[in-house]
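So the structure is just underneath, and the comments pick up after that.
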Amino acid sequence: MSFSLAVVASKLTQQALVNRKILPLHWHLKNQTMLDRLPADIFHRSFIISLMGCCYAFLLVYLLNLFTDKELEVIKFVKLNMMFSIWLAAGACVLSIYRTLGSPYKKQHLK
């Protein structure tokens, strides 16, 4: 899910940049963050973001096994799954949009 959302968010942001509906971010060399280290290619970046989502899912399952019983009520499981999906989707979209806005490859095509 995070892969497809990251691809869609990146494509829409890229189209908005090309159509000049939004302005790109201006990076400075002093502001290098971990987000800047994500790949510039949309599919590679979406794959990395989906791997991060898988890591979060494994962490969630581990913590559930650690702190709760082995059985979880269906309603609680559905609520937990919905909240996890919403937060993962929001995080994937924000990461991909922010990285697309700062991509130097896209800035060259805008000039």
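Only the coordinates and a few stated rules stand behind these numbers; no lab work does. Source: prediction; values computed, not measured. As a convention, Cβ positions derive from the backbone with ideal geometry for all residues, glycine included, and neighbour counts pool all protein chains shown.
Nearest 500 deg cm²/dmol is fine: what mean residue ellipticity at 222 nm does the chain get from its DSSP H runs of n ≥ 4 alone, each adding -39,500 (n - 2.57), divided by its residue count?
-24000 deg cm²/dmol
Against the main long axis of the alpha-carbon atoms of the chain, helix 74-101 sits at an angle near 10°. Which angle between 0 and 90 degrees, to the nearest 10, do you get for helix 2-18 versus the longest principal axis of the chain when only C-alpha atoms count? The angle comes out at about 20 degrees. Summing Cβ point charges (Lys, Arg +1; Asp, Glu -1) relative to the Cα centre of the range 1-80 gives a dipole of roughly 400 debye.
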